[in-house]
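Student: Got a structure for you, questions after.
The values are calculated or read from the model by the stated rules, or taken from the named source; none is laboratory data. Please read these numbers as outputs of a predicted model, since none were measured by experiment. Glycine gets a Cβ as well: all are built from the backbone with ideal geometry, and neighbour counts include every protein chain shown. For the accessible areas, the whole protein counts, side chains as well, though only heavy atoms, and no ligand, DNA or RNA atoms are used. Shrake-Rupley method; radii C 1.70, N 1.55, O 1.52, S 1.80 Å.
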Amino acid sequence: MSAVDDALHGLRRMIASGELAPGQQFPPEAALCEQLDVSRGSLREAVRMLGALGVIESRHGSGTYVSDLSAEKIIGALALTVGLMPFEGVLDMYEMRRVLEGHAAAQASARMTPETEASLTELCVLMEESSDPELASEYDARFHDAIAVLSGNDTLVHLLRVFRARSRAYQLFDLPEGQDLRAQSDAAHRAIVDALVARDPGAAGTAATAHVAQTERWLRQYRPPAVPGLR
């Protein structure tokens with residue numbers, strides 16, 4: 001293990017244990033170096049690495065602080081690495097999405113309101129009527145994100161955002177079979193909304209899981225090329 005690794009793991013232990021709490025300012029650099037038995041250079045590199053992960057904030061003229069460690073910052077930083085996953089990794093990711101999207105829909109079913117029903121229905125209509133693949137992809141992401149938000153689990157919301165952002169690089173509806181695939185996808189969205197409106201967690205979870213599994217099957221079958229810049 002290198003000296004930078006020693007510094008990195010030492011800081012992680014201090015933060016995970018609560019010794020350095022969210023929002024707390026770091027001790028003086030010299031004191032940290034002595035405590036972790038590392039050089040200033042190794043400590044600064046470890047701080048830089050944790051900063052890239054949203055764990056640490058450097059405030060000009062004030063010092064270094066532990067961030068609020070929110071799900072948005074910590075999980076959002078995964079996008080830096082998830083965005084590098086090759087196609088096979090994206091397919092593996094869909095196995096996790098099946099479970100997570102299904103759970104989110106099941107939880108959301110108990111929190112449906114007339115307003116959320118109207119919003120989700122409107123997004124279905126926008127997806128069905130859009131002739132712009134990129135815009136349709138945006139409506140699709142908003143549809144699934146709204147359901148995740150409705151689930152009430154902030155960590156789940158941000159994790160699924162990272163997964164969806166990577167998935168959107170692969171477009172199925174531009175393929176020769178795209179119109180048929182899109183019609184099936186639109187019908188699946190309607191089935192999810194119907195189950196949510198019925199306040200049926202089992203049906204909502206099943207509909208969402210089936211929809212993600214359907215998309216996964218299409219990706220495995222057609223293996224579309226990545227669309228540059230579409231996220």
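Student: Give the residues of the range 194-221 that are out of contact with any strand residue (DSSP E or B) (no Cβ under 7 Å at 6 or more places or on another chain), in contact (Cβ under 8 Å) with a residue 60 or more places away in the chain and either under 19 Å from Leu181 (Cα atoms) or aromatic (Phe, Trp, Tyr) (or both), sorted by residue number.
Tutor: Ala207, Ala208, Thr209, His211, Val212, Ala213, Thr215, Glu216, Arg220
Student: Condition test on Ala148, is it of a type outside the set (Asp, Glu), part of a helix (DSSP H, G or I) and touching a residue at least 40 places away in the same chain (Cβ under 8 Å)? I'd like the intermediate steps shown before the answer.
Tutor: Details: of a type outside the set (Asp, Glu): yes; part of a helix (DSSP H, G or I): yes; touching a residue at least 40 places away in the same chain (Cβ under 8 Å): yes.
So Ala148 passes the test.
Student: Pick out the one residue from Ser42, Ser17, Ser67, Ser62 that is farther than 25 Å from Ala79 by Cα and under 29 Å from the mean Cα position of the chain (by Cα).
Tutor: Values: Ser42 fails: under 29 Å from the mean Cα position of the chain (by Cα); Ser67 fails: farther than 25 Å from Ala79 by Cα; Ser62 fails: under 29 Å from the mean Cα position of the chain (by Cα).
After applying the criteria, what remains is Ser17.
Student: Right, here's the next one. Applying the selection to the range 82-102, what residues are open to solvent by 20 Å² or more (accessible area, probe 1.4 Å), more than 17 Å from Ala210 (Cβ to Cβ), touching a residue at least 40 places away in the same chain (Cβ under 8 Å) and hydrophobic (A, V, I, L, M, F, W, C)? Let's see the steps before the verdict.
Tutor: Initially, the range 82-102 is screened for residues open to solvent by 20 Å² or more (accessible area, probe 1.4 Å), giving 83-88, 92, 95-96, 98-100.
With more than 17 Å from Ala210 (Cβ to Cβ) added as a condition, the list becomes 83-88, 92.
Narrowing further to those that are touching a residue at least 40 places away in the same chain (Cβ under 8 Å): 83, 85, 87.
Of everything in the range 82-102, those that are open to solvent by 20 Å² or more (accessible area, probe 1.4 Å), more than 17 Å from Ala210 (Cβ to Cβ), touching a residue at least 40 places away in the same chain (Cβ under 8 Å) and hydrophobic (A, V, I, L, M, F, W, C) turn out to be Met85, Phe87.
Student: Hey, could you check the range 41-77 for residues that are open to solvent by 70 Å² or more (accessible area, probe 1.4 Å) and part of a loop (DSSP other than H, G, I, E, B) and say which is farthest from Arg223 (Cα to Cα)?
Tutor: Restricting attention to the range 41-77, the residues satisfying the condition of being open to solvent by 70 Å² or more (accessible area, probe 1.4 Å) are 44, 48, 53, 58-61, 68, 72-73.
Retained after the next criterion (residues that are part of a loop (DSSP other than H, G, I, E, B)): 53, 60-61, 68.
On the way: Leu53: 31, His60: 47, Gly61: 51, Asp68: 40 Å.
Here the answer is Gly61.
Student: Right, something else. Among the listed residues His211, His189, His158, identify the single one that is crowded, with 18+ Cβ neighbours inside 10 Å, of a type outside the set (D, E, K, R) and closer than 20 Å to Glu72 by Cβ. Explain how you work it out, then say what you get.
Tutor: On the way: His211 fails: closer than 20 Å to Glu72 by Cβ; His189 fails: closer than 20 Å to Glu72 by Cβ.
Testing whether each residue is crowded, with 18+ Cβ neighbours inside 10 Å, of a type outside the set (D, E, K, R) and closer than 20 Å to Glu72 by Cβ leaves just His158.
Student: Test Gly89 against the stated conditions and say whether it is under 21 Å from Met14 (Cα atoms), in a helix (DSSP H, G or I), out of contact with any His (no Cβ under 6 Å at 6 or more places or on another chain) and at pLDDT 90 or above. Reasoning before the result, please.
Tutor: Working: under 21 Å from Met14 (Cα atoms): no; in a helix (DSSP H, G or I): yes; out of contact with any His (no Cβ under 6 Å at 6 or more places or on another chain): yes; at pLDDT 90 or above: yes.
Criteria not met by Gly89.
Student: Would you confirm, using the coordinates I've provided, whether Pro22 is open to solvent by 50 Å² or more (accessible area, probe 1.4 Å) and either within 24 Å of Ser70 (Cα to Cα) or part of a loop (DSSP other than H, G, I, E, B) (or both)?
Tutor: Details: open to solvent by 50 Å² or more (accessible area, probe 1.4 Å): yes; either within 24 Å of Ser70 (Cα to Cα) or part of a loop (DSSP other than H, G, I, E, B) (or both): yes.
Answer is yes for this residue.
Student: Additional query: Scan the range 125-143 and tell me whether some residue there is touching a Phe, Trp or Tyr at 6+ places or on another chain (Cβ under 7 Å), surrounded by fewer than 17 Cβ atoms within 10 Å (Cβ to Cβ), at pLDDT 95 or above and hydrophobic (A, V, I, L, M, F, W, C).
Tutor: Within the range 125-143, one or more residues are touching a Phe, Trp or Tyr at 6+ places or on another chain (Cβ under 7 Å), surrounded by fewer than 17 Cβ atoms within 10 Å (Cβ to Cβ), at pLDDT 95 or above and hydrophobic (A, V, I, L, M, F, W, C).
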